[in-house]
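Report on the following structure.
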Amino acid sequence: MKQLLLFVIILVAVNIALSFYFYKVSVRNHKLYKQDRVFHSSEDQIDLLVMGHSRPFRAIDETQFDNIVNFCSGGESNVHTYYKLKYVLEQSGKNVETVILPAGFGSFNLDDPSLISNSFYWKKYVDYLELSEVSNDFSTYTSIWLKSKVIPWYEYPYLKLSLETGDFDLKISKEKYQNGSAEEKYKMARMILDRAVANSQFYDSVSSIYLNKTIELCKNSDCKLVFVKYPVTSSYKKAMNEIVDEKELSELAIRIEEIIDKEGITLLDHQDMWLENDDHFLDPQHLNEDGKKAFSKLLKSEIARLD
């Protein structure tokens, strides 16, 4: 009995030590936490809050706006965004006038890997138990919730691998993107889509539920909501249409847009505006510095007309 008790004590002590090391050393300077610090250092009054995945993160030139905060993160689905926005509007102490959210390819996909792989960060925002009920997937999200609470360091091997390898191949491709052939650009777009979106599900019913929850959240907080479809390249659109039938994709997108339109919310659609202008892109789906400046100038004028 004493040996068993000693074993349990040692096990608990090791777990505490590993958890401490994980948070204080391994993930302390993770980019997600850095973005949190930037958000919390912003003014209490925020005129424009941009949230979502990496497309809006890369598309917004903050120097062109008077009072804007870019609180986006790579791979952030609208499920992520709902919970993070809920924290911002209800607990952060910030007063947000307008929220800008993405509405294009991949914006409404529950099965994004980062919702699972970065639970050490998302657990402070995402209510995994509620998500398990809404999605009717109790095993996945209850397991994530339990592991993130009890053994948060379980993600260390994945985190270490991502820090060591990152998106090295993608970075190399980005350097060659402008000079690449049409076929090379298509292959890169296909690689991005295969990595970013699990199971080729670009819209799903659970994400639609969270879209409605987000709209209701903003209504209750007296916060204006604007959706934006950010520009992509022709190679990205071609790759998308090869993964999901163009007609099916169009029908799924219409369902999302019907929800937005029914609530009288503005949707700014710039998805196809630069299909033949690769000079504005860093890669098939992200704007470069020139594209960012041009797009931000356009977006600023559009937002001003909505007031």
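Points worth noting:
- Set side by side, the residues PHE227, PHE295, PHE281 differ, and just one is in contact with a helix residue (DSSP H, G or I) (Cβ under 8 Å, 6 or more places away or on another chain), within 26 Å of TYR83 (Cβ to Cβ), in contact (Cβ under 8 Å) with a residue 24 or more places away in the chain and surrounded by 15 or more Cβ atoms within 10 Å (Cβ to Cβ), which is PHE227.
- Condition met for ILE215 (under 19 Å from the mean Cα position of the chain (by Cα), of a type in the set (Val, Ile, Thr), outside any loop (DSSP other than H, G, I, E, B) and modelled with pLDDT under 95): no
The rows are residues; the columns are (1) of a type in the set (Lys, Arg); (2) at pLDDT 80 or above; (3) touching a Phe, Trp or Tyr at 6+ places or on another chain (Cβ under 9 Å).
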residue	(1), (2), (3)
TYR230	no, yes, yes
THR233	no, yes, yes
LYS237	yes, yes, yes
ILE243	no, no, yes
LEU267	no, yes, yes
MET273	no, yes, yes
ASN277	no, yes, no
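- Applying the set (1) at pLDDT below 90; (2) surrounded by 21 or more Cβ atoms within 10 Å (Cβ to Cβ); (3) aromatic (Phe, Trp, Tyr); (4) out of contact with any strand residue (DSSP E or B) (no Cβ under 7 Å at 6 or more places or on another chain) to TYR203 leaves exactly one unmet item: (4).
- Pick from region 34-61, criterion part of a helix (DSSP H, G or I) and in contact with a helix residue (DSSP H, G or I) (Cβ under 7 Å, 6 or more places away or on another chain), ranking: surrounded by the fewest Cβ atoms within 10 Å (Cβ to Cβ): ARG58
- Residue satisfying all of: in region 70-107; within 16 Å of GLN35 (Cα to Cα) and among the polar types (S, T, N, Q); surrounded by the most Cβ atoms within 10 Å (Cβ to Cβ) among these: THR81
- Residue satisfying all of: in region 250-259; β-branched (Val, Ile, Thr) and over 19 Å from the mean Cα position of the chain (by Cα); modelled with the highest pLDDT among these: ILE259
- Test for ILE260: is it part of a helix (DSSP H, G or I) and in contact with a Leu (Cβ under 6 Å, 6 or more places away or on another chain): yes
The values are calculated or read from the model by the stated rules, or taken from the named source; none is laboratory data. A quick note: this is a predicted structure, and the numbers were derived from the prediction, not measured. Backbone-built Cβ (ideal geometry, glycine too); neighbour counts: all protein chains shown.
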